[in-house]
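This report concerns only the one structure given below.
Each value in this text was obtained by applying a stated rule to the coordinates, not by laboratory testing. Predicted model only: the values in this text are computed from it and were never measured.
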Amino acid sequence: MKDIERELDEAASKAISSLSKYKFVMFGYWAGVWVHLNRLLPNRRPSPFLQLVRCARSIEATTKGGA
C-alpha cells in the first residue's frame, strides 16, 4: 500500500503542477491517475482537488447567472 500512496502523492503533485502551467490535458491525465489509484486503497483519501472543483462550480454558477 505504501507504493500506491507514494504514487497518489506524485499524481496529485503532477496534476497541480500541470494546471499551474496551463497544461489542462496533463492535469486531467494526472487527476485521473489519482482517482484510479485512490480506488485501489481500502481507505480512500479525500480528493486533493475538492477546492478546485468548488471554485469551478462557483465560476460556473456566476457565468450561468450572468448569461
Discussion item. Using 0.36 nm times the number of residues separating L52 and K2, minus their current alpha carbon distance, what extension gain do you get?
Written reply: 15.4 nm
Worksheet item: Computed from these coordinates, which is semi-axes √(5λ) of the Cα gyration tensor in Å: (1) 21, 14, 10; (2) 27, 14, 8; (3) 17, 14, 12?
Response: (2)
Item to complete: Quote the relative contact order of the chain in percent (integer), defining contacts as alpha-carbon pairs under 8 Å separated by 6+ residues.
Response: 28 percent
Worksheet item: Going by alpha carbons, how many degrees (0 to 90, nearest 10) lie between the helix axis of 2-20 and the longest principal axis of the chain?
Response: 30 degrees
Worksheet item: Mind listing the phi-derived Karplus ³J(HN,Hα) values for the range 32-45, rounded to whole Hz, using 6.51, -1.76 and 1.60 with θ = phi - 60°, and x for any glycine or proline?
Response: x, 4, 4, 4, 4, 5, 4, 5, 7, 7, x, 10, 5, 8
